[in-house]
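The values are calculated or read from the model by the stated rules, or taken from the named source; none is laboratory data. No experiment lies behind these values; they were computed from the predicted model shown. Neighbour counts are summed over all protein chains in view; Cβ atoms, including those assigned to glycine, are modelled from backbone coordinates with ideal geometry. All accessible areas refer to the heavy atoms of the entire protein, side chains included, with ligands and DNA or RNA removed. Shrake-Rupley method; radii C 1.70, N 1.55, O 1.52, S 1.80 Å.
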Amino acid sequence: MPTKVCFNDFCKKIPDLKENIVNGSIKVIPLKKGKKAPRDNGWSKREYELSELEKYDGNFGIMPGYNHETSSLAIIDIDGYTMNGVNADKKAYYKKATQEYLYNCLKEIPGAMAVRTQSGGYHIYLWNETVVDKVHETSNHLHFPEDFYIPELRGKSLKHSIEIFTKEGSKQCLLPGCIIYDDATGKENTYSVISDVNTLSN
């Protein structure tokens, strides 16, 4: 069985979480216990009161693009490059190396909060004024440098190495403090804040 978490565990990771929910600047949703998936159907259109969230003892997600007036929370998901046609060890090497490279390029965005995901990738939370309908539009048009230290990737499109979520209802990303439980192995992996910034202040 997955380790139980409660809403206050998430508030310890992000001290202004409650404040941002109450003032309507973010939308937090309950997820299935030990999982990434939303607990409820229709989660993107449903509003959750703080009192309901405080009673839940499972994971929580946050929706990028919520309440987009002058600005809203955007999330960059750095998952790394998937190299096809190679063995498992090489595939893991390319993914890990590109995760680290992309994170190091983006980690100094002023005011951004960086989170290490359960798979070893990264989420970067930042406030944003632009909505992009097609989530891969930006990453498909970005390329690794021509002098990139991995020759096989020089000049290649980032493709899905990063995803940039800005549109309301398009995605939910897990909050730091989430614990993902693997039913097959019993192993648990956690999302954790790794930046000096650990608030959602705009």
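A compact table of results
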| item | result |
| --- | --- |
| Extension gain from Leu50 to Ala97, taking 0.36 nm per residue of separation minus the Cα-Cα distance | 13.0 nm |
| Accessible surface, per residue, of the chain when the full set of protein chains is kept, probe 1.4 Å, Å² | 53 Å² |
| Positive-end extreme of charge dipole, region 1-124 - chosen from Gln99, Asn84, Ile14 (charges on Cβ) | Asn84 |
| Estimated vicinal HN-Hα couplings, Hz - region 49-54 in sequence order (Karplus 6.51, -1.76, 1.60; Gly, Pro = x) | 6, 4, 4, 5, 5, 5 |
| Residue-level accessible surface for Thr117, protein heavy atoms, 1.4 Å, Å² | 10 Å² |
| Cut-off 15 Å (backbone N to label point 7 Å along Cα→Cβ of Tyr149), residues of region 78-102 | 93-102 |
| Rel. contact order, % - alpha carbon contacts under 8 angstrom, at least six apart, the chain | 28 percent |
| Peptides 84-96, 22-34 ordered by average Cβ neighbours within 10 Å, highest first | 22-34, 84-96 |
| Carbon plus sulfur fraction of accessible area for region 9-102, probe 1.4 Å, in percent | 48 percent |
| Exposure of Trp127 as accessible area (Å², to 10), given a probe of 1.4 Å and all protein chains | 60 Å² |
| Region 70-132, Cα convex hull volume normalised per residue, Å³ | 86 Å³ |
| Convex hull volume per residue for region 113-181, taking Cα atoms only, in Å³ | 129 Å³ |
| Label-reachable residues, region 88-120, where backbone N falls under 17 Å from a point 7 Å from Asn189's Cα toward its Cβ | 88-101, 103, 115-120 |
| The chain - mean residue ellipticity at 222 nm from DSSP helices (-39,500 (n - 2.57) per run, n ≥ 4, rounded to 500) | -5500 deg cm²/dmol |
| Magnitude of the charge dipole, the chain, Cβ model with Lys/Arg +1 and Asp/Glu -1, debye to 20 | 600 debye |
| Using distinct alpha-carbon pairs, which all enter the 1/r mean, Kirkwood radius of the chain in Å | 17.8 Å |
| Relative contact order %, region 95-143, counting alpha carbon pairs below 8 Å whose residues are six or more apart | 26 percent |
| For Tyr81, distant residues with modelled amide H under 5 Å away | Thr98, Gln99 |
| Length released on extending from Ala37 to Thr199, taking residue separation times 0.36 nm less the Cα-Cα span | 55.9 nm |
| Region 100-202: relative contact order as a whole-number percent, Cα under 8 Å and 6+ apart | 31 percent |
